[in-house]
Structures are given as structure tokens and as C-alpha cells.
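One structure below.
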Amino acid sequence: NPAHIVVMYAETSDIENVIVAGRFAKRDGRLTFDEKKLAKLSEELMASRMRMFEEGNYQSRPVERGPQPEKFFL
């Protein structure tokens, strides 16, 4: 089932173009957002994440990942 494969195995790097409301949000594999706006959104996202961690008394700990396959076969 091609739809299943796309939904389950596609990565964001597989998407070349995204159009939202008639404007490119990603073109030729690159985001088209203004660099300053993207940096601001990134800062806001990190601040939100840190606020949730603090309010929930969560602690971030690194986790070891096991060996990853070189390729996924379908």
C-alpha cells in the first residue's frame, strides 16, 4: 500500500516542496522562512519546552541508541 509506506516511513527530508495558502513554505528541499523569524520561533519553542519541563518537574537525561540500520527495506 503506497499510502501506508509514505505515512509510516517518510522523513521530512523526503519532502521537496510544500505550498501553504499559495506560497512555498519549503522549496527544493529548503525552508523558505525568513531566517530571523525561524530563529525567533526556535527560541520560543525551546522556552516553551523548558517551561513544561520545569512546571512538570521533568528531568532530561540522554538515552543511548542502539545500532541503526544503514538502509530500511520495504
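The values are calculated or read from the model by the stated rules, or taken from the named source; none is laboratory data. Nothing here was measured: the structure is a model prediction, and the numbers come from that model. Cβ sites come from the backbone with ideal geometry, for glycine too, and all protein chains shown count toward neighbours. The accessibility values were calculated without ligands, DNA or RNA, using every heavy atom of the protein model including side chains. Shrake-Rupley method; radii C 1.70, N 1.55, O 1.52, S 1.80 Å.
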Considering the range 15-74 alone, what residues qualify as being part of a loop (DSSP other than H, G, I, E, B), open to solvent by 100 Å² or more (accessible area, probe 1.4 Å) and charged (D, E, K, R)? GLU16, ASP28, ARG61, GLU64, ARG65, GLU70, LYS71
Which ones in the range 2-42 are touching a helix residue (DSSP H, G or I) at 6+ places or on another chain (Cβ under 9 Å), aliphatic (A, V, I, L, M) and at pLDDT 85 or above? LEU31
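If I filter the range 6-28 for residues that are among the hydroxyl-bearing types (Ser, Thr, Tyr) and touching a strand residue (DSSP E or B) at 6+ places or on another chain (Cβ under 8 Å), do I get at least one hit?
Narrowing the range 6-28 to residues among the hydroxyl-bearing types (Ser, Thr, Tyr): 9, 12-13.
In the following step, the residues that additionally are touching a strand residue (DSSP E or B) at 6+ places or on another chain (Cβ under 8 Å) were identified as none.
Scanning the range 6-28 turns up no residue that is among the hydroxyl-bearing types (Ser, Thr, Tyr) and touching a strand residue (DSSP E or B) at 6+ places or on another chain (Cβ under 8 Å).
Any idea which of ALA3, ALA10 is over 16 Å from the mean Cα position of the chain (by Cα), under 30 Å from LYS71 (Cβ atoms) and open to solvent by less than 80 Å² (accessible area, probe 1.4 Å)?
On the way: ALA10 fails: over 16 Å from the mean Cα position of the chain (by Cα).
Matching residue, one of ALA3, ALA10: ALA3.
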